[in-house]
Amino acid sequence: MNSVTGGLSRRLYGPRGWAILALCGIAIFVVMPLLNLAVPAESPFHVSAYWVTLFGKIMCYAIVAVALDLVWGYAGILSLGHGLFFALGGYAFGMYLMRQIGSDGQYRQPMPDFMVFLDWKEFPWQWWNSDSFWWCAMLVIVVPGLLAFVFGYFAFRSRVKGVYLSIITQALTFAAMLLFFRNATGFGGNNGFTDFRRILDIPIATPQTRMALFAFTGATLIATLLLARWLTTSRFGRVLAAIRDAEQRVMFCGYDTVHYKLFVWTLSAVICGIAGALYVPQVGIINPGEMSPANSIEIAIWVAVGGRGTLIGPILGAGLVNGAKSFFTQAFPEYWLYALGLIFILVTLFLPQGVMGLLKKKQ
Amino acid sequence: MTSNAATAKESDGFSRVASGELDTTHGVVLYLEDISVSFDGFKALNKLSLQIDIGELRCVIGPNGAGKTTMMDVITGKTRPDEGTVFFGQTIDLTKMSEAEISSAGVGRKFQKPTIFEQHTVFENLELSMKADKRVRKTLFSSLSSAQKDAIAETLKLIRLNDSADRVAGLLSHGQKQWLEIGMLLMQEPRLLLLDEPVAGMSDEETERTGELFVSLAGKHSLVVVEHDMAFIEKIARKITVLHEGSVLAEGSMTQVQNDPKVIEVYLGR
């Protein structure tokens, strides 16, 4: 048994890789909590809530980037609609957070404010059982997963691929955005969900809850990375990469490529949904803007900047691009989109393998 | 076309029932009967009928556009015929199966342009094409048994790439890629091998070795070789089929075919 697990750990990463991963783990689970909770606010070493939330948010994005890398970097399926799965996970968990507000909303009613405002007397069917944490946690996985499965089944079976698939995923997230903008859809229209008070009956805005969410997100990111690494180093992963490079040959080798693509596509969507569910309580808001086509394109940019097909690269890409975004939107808010476009062009022209390609060349 | 696609889809559900063990009780591995395929009015295949015996090495020649590649597309499920039947053995109806199912049933195909997995190593190329349970669930947890490793090593030796096992396949020479693809086919342990211009771009020495390999494979496998290289055909051929305008023009030994007035007319153009 020992040799089996030893073989597996060797398969995933070398000693240096595990050491780096352990350091990241220490930073997330020990250093950050200490600097945020134990170090007094006057100290120059104190990490403020702003940074905890920012890093937590970026880790959610990094999870999405890994999920997109699985389908784009390995299976060659460029999705420009992954923001939709992220937002659906966020909305599913947001429903629970809305119910946790209880009667503490603006109107002091047991229903969410927007429903009171719309003069709804009872919860629409989508909200059934939404006061249950486990029910909503299940929806976080099932809703994006089911949508991805149904969409993928028809798309892959009809052999839609390449730029056509990308365009359809864009259209899908755009259509969903329009749907969620409508009040009648039952998810708060263009305001979405906000003003959360509690999670699991614990106040949500305390430093401890914030740190717990941060650490949980960090654990999810590490687990996602290891899962993705395990998948891509298995024979399954080699089949995926083969589909990316020569799908027809793979079919003539006797593999049903539709099943392979469908599996990784659905898994990727589920991971995005989980990331969305972790994102909403930390950021404190979810609205249809998360489904905007530009958002999904940005996810692809993170992956491209970091380096496709490397798993670590997209994490770096998500960090770099969002770090730059936080800086720009404060310093020169009107220039951010230009900067993003420029980054994308430069990476495409000079770093086709992204930051990871650059690091590899250096070695 | 569309109505054909629809019927193919409807019958999808039955394909698993129809497939199964290859039944070659009549000594025939492949029957093509009255196959017609047209693309936008152009008849690529016109009532093509062909029979391949078990263990046979059959060469198929014909001028450009005679329908050689389309015939392979029909057999491997890439193209659905407008009319006609394709039977693998006595019982397996290939027109109702997907590419992957046909391959699993035991039909291997080499493309005109070598298609290998360029980003994978030579070893991985063989590993992926090896005969195995190819469902998602199985490939997630599979690891190579020592017997499978031996089989890969044996094939590596056969295709003379044992020194390049860990090389990325994209770095191989053209001839080596052709050999790798042939090796990948052999790893599938197919009953029927379809080889589309297998010696294109090979050096004379490589061509010769390829010919020897094919001759040694015949018997254990059935082979259909499409080639333009007449010198190569002359070396390996026992029975030759000449295609012209989508149907069989002549069939027989090299001398028979060479002296057939119809063949002479097509090739030399009177």
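Overall, the protein assembly as shown carries a charge dipole of about 1460 debye about its Cα centre when +1 sits on the Cβ of Lys and Arg and -1 on the Cβ of Asp and Glu, all other atoms neutral.
Summarising the label geometry, the points placed 7 Å from Cα in the beta-carbon direction at B:D166 and B:D229 lie 3.2 nm from one another. Averaged over peptide B:92-102, the number of partner chain Cβ atoms lying within 10 Å of each residue's Cβ comes to 3.
Around A:S48, what is the net charge, scoring Lys/Arg as +1 and Asp/Glu as -1 over all other residues with Cβ under 15 Å from its Cβ? Please report the intermediate quantities before stating the final value.
Values: positive: A:K57, A:R210; negative: A:E42.
It works out to a net charge of +1.
Multiplying the sequence separation of A:L146 and A:R16 by 0.36 nm and subtracting their Cα-Cα distance, what value in nm do you get? Stretched fully, the A:L146-A:R16 segment lengthens by 43.0 nm. Amide H contacts for B:V28 (H built 1.01 Å from N in the peptide plane; partners 5 or more residues away or on another chain; cut-off under 5 Å): B:I54. Considering only A:D201, A:D131, A:D245, the Gaussian network model of chain A with Cα springs below 10 Å gives its largest mean-square fluctuation to A:D201. Stretching A:Y153 away from A:R108 to a fully extended chain increases their span by 11.7 nm, per 0.36 nm per residue minus the current alpha-carbon distance. When the protein assembly as shown is described by a simple charge dipole with +1 on each Lys and Arg Cβ and -1 on each Asp and Glu Cβ, the residue from A:I28, A:L262, B:Q119 located farthest towards its positive end is A:I28. A crude spin-label estimate for the pair B:D82 and A:H259, with each label 7 Å from Cα along the Cβ direction, gives 3.5 nm.
Eigenvalues of the alpha-carbon gyration tensor of chain A, scaled by 5 and square-rooted, set the equivalent ellipsoid semi-axes at 33, 27, 20 angstrom, largest first.
Cα centroid separation, segment B:97-135 to segment A:99-149: 49 Å. Taking every alpha-carbon pair in segment A:219-363 and binning the separations at 10 Å intervals from zero gives 10, 32, 36, 18, 4, 0 percent. Working note: 222 nm ellipticity from helices only, DSSP H runs with n ≥ 4, each -39,500 (n - 2.57), summed and divided by the residues of chain B, gives -11000 deg cm²/dmol to the nearest 500.
For chain A, what is the calculated [θ] at 222 nm in deg cm²/dmol (nearest 500), taking -39500 (n - 2.57) for each run of four or more DSSP H residues and dividing by its residue count?
That comes out to -22500 deg cm²/dmol.
So what's the gap between the Cα centers of segment A:22-42 and segment A:305-363, to the nearest angstrom? Here the answer is 27 Å between Cα centres. Of the GluC sites (Glu not before Pro) found in segment B:192-265, those that fall in a DSSP loop while having at most 16 other beta-carbon atoms within 10 Å are B:E245. Here, P(r) means the percent of Cα pairs in each 10 Å bin from 0 to the largest distance; for segment B:132-237 it is 13, 42, 33, 11, 2. Overall shape of the protein assembly as shown was characterised from the C-alpha gyration tensor. The equivalent ellipsoid obtained from it has semi-axes of 57, 28, 21 Å, in decreasing order.
Using the Cβ-Cβ distance between A:L37 and A:L227 with R0 = 41 Å, the FRET efficiency computed as 1/(1 + (r/R0)^6) comes to roughly 0.90.
For segment B:119-168, the dipole from Cβ point charges (+1 on Lys and Arg, -1 on Asp and Glu) about the Cα centre works out to 260 debye, to the nearest 20. Hey, how much of the P(r) for segment B:183-270 falls beyond 22 Å, as a percent of Cα pairs? Tail of the P(r) past 22 Å holds 33 percent of the pairs. Using the Cα gyration tensor of chain B, with a ≥ b ≥ c the square roots of its eigenvalues, what is the shape: rounded (a/c below 1.5), prolate (a/b larger than b/c) or oblate (neither)? Oblate. Taking θ as phi - 60° and the Karplus parameters 6.51, -1.76 and 1.60, the scalar couplings of segment A:205-211 work out to 8, 7, x, 5, 4, 4, 5 Hz in sequence order, x denoting glycine and proline.
Would you mind pulling out the separation of the Cα centroids of segment B:215-270 and segment A:155-217, in Å? Centre-to-centre distance over Cα atoms comes out at 63 Å. Modelled spin labels at B:S146 and A:N129, positioned 7 Å past Cα toward Cβ, are 5.2 nm from each other. When chain B is treated as a GNM with alpha-carbon contacts under 10 Å, the residue of B:L156, B:L140, B:L249 showing the greatest mean-square fluctuation is B:L140.
For B:D82, the residues whose modelled amide H falls within less than 5 Å of its own, excluding neighbours fewer than 5 places apart on the same chain, are B:S36, B:V37, B:S38. Build a GNM of chain A with springs between Cα atoms under 10 Å apart, and of A:T209, A:T185, A:T194 the one that fluctuates most is A:T185.
Average 1/r across all pairs of distinct alpha carbons in segment B:116-188, invert it, and you get the Kirkwood radius: 12.3 Å. Take the cross-link list A:K161/B:K78; B:K96/B:K134; A:K57/B:K138; B:K96/B:K235 and give me the ones stretching past 28 Å between alpha-carbons. Over 28 Å apart, Cα to Cα: A:K57/B:K138; B:K96/B:K235.
Where a number appears in this text, it was derived from the coordinates with a stated rule and is not lab data. Keep in mind it's a predicted model, so treat the numbers as computed, not measured. No Cβ is skipped: glycine too gets one built from the backbone with ideal geometry, and neighbour counts run over all protein chains shown.
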